[in-house]
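The values are calculated or read from the model by the stated rules, or taken from the named source; none is laboratory data. These numbers come from a predicted model, not from an experiment. Positions of Cβ are generated from backbone atoms using ideal geometry, with glycine treated the same way; all protein chains shown enter the neighbour counts.
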């Protein structure tokens, strides 16, 4: 069942047929690549040891659910922070924390992964604001993920 | 027929000359390459044709190699990263492309620079030294050194495409030596010949790097390597201080001067 009106971010869509049509990969256990805790942007310390000089992933909350291969394909070898630009409150602190990743933790790169729904763009905007106010520059890539886990675009910010 | 993928392109062209025309159709310029020792599979991978174009190219070449029976040359394995064109150049590679812009501006004024060569006066010789200094200090010590000492180290330096780029750099250095000798001898004609040769060399060299080499490198660099490169280029820029700015101003001044003389 698909509904065509309302906010694209909250619109009901049913992918059951597509999701069950193909068995993903092996069916075996996929090893977690998470190398830290906590991960939510309100809870993290941007200068925690695992952020120092790291390749950091800033992802919208929904990303890990949409992308079947999130752990091996995206998270492996990276430190992470997660947030919801639509629902989270107090997002000003996110800008400060991202800025601190760049200036204090001296991260190597930042990859911002968002869902294709328009409200998710806010996370890219937060990262851009933080990067503009930071003294140190690093490569920042924006990745847009489709609702069924396809990579729709990659772009350097 | 997979054996052809591991054969030097020059050998394939020598054995089957019409293959050159098929390559040209896809803007693959191996025919004019000075070495031609790249393996066929590397060429297909480096040029990163769309799957349908690659299939058509392979089919075209297969028909030439074996006109009497249908053969299939297997598709070339490559990394499944999106094309660099989709994401644009990565920031460190973008930096090199931006440096090329200034080099291209210099290369574009070389014909007028040649027309106004004056080896008989000190002011004329000084202008010539200024042009040569741009080649030595900006194009070579600042830009080419970044490639040779940093970027190329992330790849197998025995790959032909990298050997060709380094050979171009050496060739350019040889041209500069000849320019300086010609200037010492106040040999205007020889100076003009070397400048013209440098112009032709760099025009092709920059095009190869911008359109083929850098895009291939971007597809093969990991995010971690891109961050490292960005950081190492920044360190190199700090080492050079305001040198890039100085040469930006120099080229702007040369353009103004030479265009004014033309008007």
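Are any of the residues in segment B:49-59 modelled with pLDDT of 70 or more and within 30 Å of residue B:134 (Cβ to Cβ)?
no
For segment B:102-207, which fully contained helices (runs of 4 or more DSSP H) count at least 1 residues that are over 25 Å from residue B:259 (Cα atoms)?
B:145-149, B:160-184
Please pick out the residue among B:225, B:245, B:257 that is part of a helix (DSSP H, G or I), within 23 Å of residue B:152 (Cβ to Cβ) and either away from chain A (no Cβ under 14 Å) or in contact (Cβ under 8 Å) with a residue 12 or more places away in the chain (or both).
B:225
Please name all residue pairs, on different chains or six or more residues apart, with Cβ atoms under 9 Å, provided the first residue is in segment A:127-149 and is at positive phi and the second residue is crowded, with 21+ Cβ neighbours inside 10 Å.
Short answer, once both residue conditions are applied: A:149/A:67.
Given the options B:232, B:219, B:215, name the one that is within 14 Å of chain A (Cβ to nearest Cβ), within 30 Å of residue A:102 (Cα to Cα), in contact (Cβ under 8 Å) with a residue 40 or more places away in the chain and out of contact with any helix residue (DSSP H, G or I) (no Cβ under 6 Å at 6 or more places or on another chain).
Being within 14 Å of chain A (Cβ to nearest Cβ), within 30 Å of residue A:102 (Cα to Cα), in contact (Cβ under 8 Å) with a residue 40 or more places away in the chain and out of contact with any helix residue (DSSP H, G or I) (no Cβ under 6 Å at 6 or more places or on another chain) holds for just one of B:232, B:219, B:215, which is B:232.
Could you list, in sequence order, the residues of segment A:38-50 that are out of contact with any helix residue (DSSP H, G or I) (no Cβ under 9 Å at 6 or more places or on another chain) and within 18 Å of residue A:74 (Cβ to Cβ)?
Residues satisfying the conditions are A:39, A:40, A:50.
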